Amino acid sequence: MAGMRFTRDHEWVRVEGDDLVVGITDYAQDSLGDIVFVDLPAVGRRAAAGEAVAEVESTKTVASVLAPVAGEVVAVNAALGDRPETVNTDPYGAGWFFRLRAEDPGAAATLMDEAAYRAYVEEVSR
């Protein structure tokens, strides 16, 4: 998880070149339970920071995946359509949701680092 950034809504972000790879955290996937369906955004979709751009359905509930920063979706993980359970087994790797090209290239730096996110999770888990 080194170099990743995190949101209060339990999305993670990994900077790769000009893009931000976005997924949900291990805490989020564990809270959701068995993931059975993922609805991904269309490539080219523009989103404001905090806007719902994808959905994840589990045996317990349906949850939104939010854009961590403003930008344009430039790629999606189509493999999740056939294997949504990948989000449960590899949330920080093959379970990514979409790539976002941020309007502000430095915007990811404003998100929580790993230490801050761990402290946040401890706080909300009490």
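Observations on the structure shown:
- Matching residues, segment 37-84, being loosely packed, with under 14 Cβ neighbours inside 10 Å, in contact with a helix residue (DSSP H, G or I) (Cβ under 9 Å, 6 or more places away or on another chain) and charged (D, E, K, R): 60
- Verdict on residue 43 being within 20 Å of residue 4 (Cβ to Cβ), in contact with a Phe, Trp or Tyr (Cβ under 9 Å, 6 or more places away or on another chain) and in contact (Cβ under 8 Å) with a residue 12 or more places away in the chain: no
- Lone unmet requirement of (1) farther than 17 Å from residue 12 by Cβ; (2) at pLDDT 95 or above for residue 97: (1)
- Across segment 86-118, the qualifying residues are those that are small (Gly, Ala, Ser) and exposed (fewer than 14 other Cβ atoms within 10 Å of the Cβ), and the one among them that is nearest to residue 34 (Cα to Cα) is 93.
The values are calculated or read from the model by the stated rules, or taken from the named source; none is laboratory data. It should be emphasised that the depicted structure is a prediction, and the values quoted were computed from it without experimental measurement. Cβ coordinates were reconstructed from backbone atoms using ideal geometry, including for glycine residues, and neighbour counts include every protein chain displayed.
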